[in-house]
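As structure tokens, the structure follows; a few thoughts come after it.
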């Protein structure tokens with residue numbers, strides 16, 4: 001073992017990670033176009049008859065998602081009453097709802113459908129002294145989710161790669177090979193075990209991959225609002241990966257059993273799990289934690305907005321920087 005990361009030839013380049021298109025981006029583009037057409041047709045039909053109904057219908061098409069977010073928040077508040085996490089007050093719940101109302105259109109109507117391929121992954125090896133980052137998104141998302149993180153890492157000179165987990169509604173187990181390829185490319189950039197940053201379902205996909213390749217080394221696995229023990233909303237899903245995220249479901253129990261067999265002690269020692277008492281998707285709140293992990297509560301944060309919270313980004317980047325001076329990381333390289 002050496003005291004420094006293995007140096008790669010300057011001419012060596014990792015092939016681009018973003019090559020194929022994104023099926024989710026195409027789906028979201030079609031949904032945006034359909035919503036626009038329906039809004040125009042509604043306005044054209046109803047305006048001469050009732051301007052009030054015309055505007056009301058248009059507002060529901062454009063902003064109806066805010067009502068859905070409100071229902072999710074109320075359901076989370078109700079089920080969190082008996083949870084071990086501190087209860088969120090009404091001010092926190094309203095603030096979380098407003099966070100998500102503002103962030104959701106940015107993510108689902110702009111970054112993912114139209115900007116997902118911008119800020120491409122790093123390809124040229126570098127010796128920054130820090131690990132590279134692998135971004136793993138969640139359910140009904142693509143790499144476009146991570147654009148604010150990518151801009152920040154570019155400013156800091158930290159290399160990154162990302163994945164598009166597809167098929168969009170497939171089994172979580174089927175994403176393991178995509179994460180493995182992302183980790184391989186990330187390690188080729190710096191010669192160090194990378195750090196995984198995962199949102200929502202992405203944390204489960206990372207765990208499933210680690211269970212399938214337990215010998216692979218990573219610096220940290222940071223999960224943000226990941227349903228490690230399932231989520232109440234999973235009961236309503238009819239797709240494969242949605243069913244796998246049901247509270248106390250068979251898939252989750254089998255995954256935890258596999259992990260325990262591989263590493264009976266300190267099973268989740270390298271995990272940092274961010275969770276919130278106002279998460280409108282993953283609840284009850286403590287289901288986003290893991291036993292023995294570094295579980296960090298982020299009060300009053302909504303599910304998607306949590307991924308871009310200054311504290312989450314700041315403390316995660318601090319963990320990344322700590323790897324440069326960590327003897328154990330240098331030895332592992």
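The values are calculated or read from the model by the stated rules, or taken from the named source; none is laboratory data. Predicted, not measured: the structure shown is a model, and the values here were computed from it. Virtual Cβ from ideal backbone geometry, glycine too; neighbours counted across all protein chains shown.
If the requirement is being out of contact with any strand residue (DSSP E or B) (no Cβ under 7 Å at 6 or more places or on another chain) and buried (at least 22 other Cβ atoms within 10 Å of the Cβ), which of these qualifies: 99, 82, 106? Break it down into steps so the answer makes sense when it comes.
Numbers: 82 fails: buried (at least 22 other Cβ atoms within 10 Å of the Cβ); 106 fails: buried (at least 22 other Cβ atoms within 10 Å of the Cβ).
Step by step, each of 99, 82, 106 is checked, and only 99 is out of contact with any strand residue (DSSP E or B) (no Cβ under 7 Å at 6 or more places or on another chain) and buried (at least 22 other Cβ atoms within 10 Å of the Cβ).
The listed residues are 69, 8, and the only one of them that is at pLDDT 95 or above and either closer than 30 Å to residue 119 by Cβ or surrounded by 15 or more Cβ atoms within 10 Å (Cβ to Cβ) (or both) turns out to be 69. The set of residues in segment 173-201 that are within 24 Å of residue 254 (Cβ to Cβ) and touching a helix residue (DSSP H, G or I) at 6+ places or on another chain (Cβ under 7 Å) comprises 173, 175, 176, 179, 180, 196, 198, 199, 201.
Checking every residue in segment 249-267 against the condition of being in contact (Cβ under 8 Å) with a residue 40 or more places away in the chain and under 25 Å from residue 308 (Cβ atoms) gives zero matches.
Residue count for segment 214-233, restricted to those that are closer than 15 Å to residue 285 by Cβ and not in a strand (DSSP E or B): 8.
When you look at residue 113, is it touching a strand residue (DSSP E or B) at 6+ places or on another chain (Cβ under 8 Å), farther than 16 Å from residue 202 by Cβ and buried (at least 20 other Cβ atoms within 10 Å of the Cβ), yes or no? Before the answer, list the steps.
Working: touching a strand residue (DSSP E or B) at 6+ places or on another chain (Cβ under 8 Å): no; farther than 16 Å from residue 202 by Cβ: yes; buried (at least 20 other Cβ atoms within 10 Å of the Cβ): yes.
Taking the combined requirement at face value, the residue does not satisfy it.
Within segment 265-310, the set of residues being part of a loop (DSSP other than H, G, I, E, B), over 22 Å from residue 153 (Cα atoms) and more than 17 Å from the chain's Cα centre (by Cα) comprises 265, 266, 267, 268, 269, 277, 284, 291, 292, 293, 299, 300.
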